[in-house]
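Participant: The structure follows.
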Amino acid sequence: MKEIIKNQTIYYESINVPENISVLEYLRESEHSFNLRYVSFDTFAKLKSAKGIIYLKDRKLLAGCSDIKGNDFKSSGGLKVSDPNKNIVGSFIIQNDRIIYDARCPFYEERDSFVYTNGREFYTTMSMKEILFEELEIKRQYLIYLGNRLENKRFVDDFEEVSRKEFLEYITDKEKGRLILKKMRKYY
């Protein structure tokens, strides 16, 4: 079992997530909107035994899910994952049939990032890599967002489809994201 903690406003509830479902899938099925924050093992233990609310000074946003604010995958909302420690640049946008890596910025630094503040708050000790590795177990298309390109006198989103193995490199290697950012500049 994987354990997460749900903030119930006046107390914390420990939840065991079954091994056969990813943490994000579990949260999507049980919550309309949520944010998942990374906490240390010590903080997690304090939350588990808390008799009341604890003020957490450093609550690092790992994943957020909210209503999509537009038809474009770049719009605020949807399900997004970023590294709260900023070791990996950008965000991973998880949709039903695809995962898109967008190196521009972590989702919690987007212009309209406030859309993620209204959801129920959960805590985990899982890293961004662990969260995404669970999602990679689900068969999907893996895309890298390269920016826009001109097509028939209008700009369209440009993606590169990669293998699961290559996609893993973007989850583990900060330099891969920086190279994408350099590539993107040519489109603007």
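The values are calculated or read from the model by the stated rules, or taken from the named source; none is laboratory data. As the structure is a computational prediction, the values presented were derived from the model and not from experiment. Counting neighbours? That spans all protein chains shown, and the Cβs are built from the backbone with ideal geometry, glycine included. Each accessible area value is taken on the protein alone, full model and side chains, heavy atoms only, with ligands, DNA and RNA left out. Shrake-Rupley method; radii C 1.70, N 1.55, O 1.52, S 1.80 Å.
Participant: Which count do you get for residues in segment 101-120 that are among the hydrophobic types (A, V, I, L, M, F, W, C), open to solvent by 80 Å² or more (accessible area, probe 1.4 Å) and in contact with a Gly (Cβ under 9 Å, 6 or more places away or on another chain)?
Facilitator: Total meeting the criteria: 0.
Participant: Which ones in segment 24-55 are in contact with a Cys (Cβ under 9 Å, 6 or more places away or on another chain), open to solvent by less than 20 Å² (accessible area, probe 1.4 Å) and part of a helix (DSSP H, G or I)?
Facilitator: Matches in segment 24-55: LEU24, LEU27.
Participant: Any idea which residue in segment 121-132 is nearest to ILE93 (Cα to Cα), counting only those that are assigned to a helix (DSSP H, G or I) and open to solvent by less than 30 Å² (accessible area, probe 1.4 Å)?
Facilitator: Step by step, filter segment 121-132, then rank; the result is LEU132.
Participant: Next question, about the same structure. Would you point out the residue of segment 72-100, among those that are among the hydrophobic types (A, V, I, L, M, F, W, C) and out of contact with any strand residue (DSSP E or B) (no Cβ under 7 Å at 6 or more places or on another chain), that is surrounded by the fewest Cβ atoms within 10 Å (Cβ to Cβ)?
Facilitator: In this case the residue turns out to be VAL89.
Participant: Taking segment 25-77 on its own, how many of its residues are among the charged types (D, E, K, R) and touching a Lys or Arg at 6+ places or on another chain (Cβ under 7 Å)?
Facilitator: 4
Participant: Residue under question is ASP83, and the condition is that it be of a type outside the set (Val, Ile, Thr), assigned to a loop (DSSP other than H, G, I, E, B), out of contact with any Ser or Thr (no Cβ under 7 Å at 6 or more places or on another chain) and over 21 Å from LYS182 (Cβ atoms); does it hold?
Facilitator: Judged against the criteria, ASP83 is not a match.
Participant: Would you point out the residue of segment 133-188, among those that are part of a helix (DSSP H, G or I) and among the aromatic types (Phe, Trp, Tyr), that is farthest from VAL23 (Cα to Cα)?
Facilitator: TYR187
Participant: Of LYS86, LYS2, LYS74, which residue is at pLDDT below 95 and either more than 17 Å from the chain's Cα centre (by Cα) or of a type in the set (Val, Ile, Thr) (or both)?
Facilitator: LYS2
To keep it simple, each residue is scored yes or no on (1) surrounded by 13 or more Cβ atoms within 10 Å (Cβ to Cβ); (2) over 16 Å from PHE73 (Cα atoms); (3) modelled with pLDDT of 90 or more; (4) β-branched (Val, Ile, Thr).
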{"site": "TYR142", "(1), (2), (3), (4)": "yes, no, yes, no"}
{"site": "GLY147", "(1), (2), (3), (4)": "yes, no, no, no"}
{"site": "LYS153", "(1), (2), (3), (4)": "no, yes, no, no"}
{"site": "PHE159", "(1), (2), (3), (4)": "yes, no, no, no"}
{"site": "TYR170", "(1), (2), (3), (4)": "yes, yes, yes, no"}
{"site": "GLY177", "(1), (2), (3), (4)": "yes, yes, no, no"}
{"site": "LEU181", "(1), (2), (3), (4)": "yes, yes, no, no"}
{"site": "LYS186", "(1), (2), (3), (4)": "no, yes, no, no"}
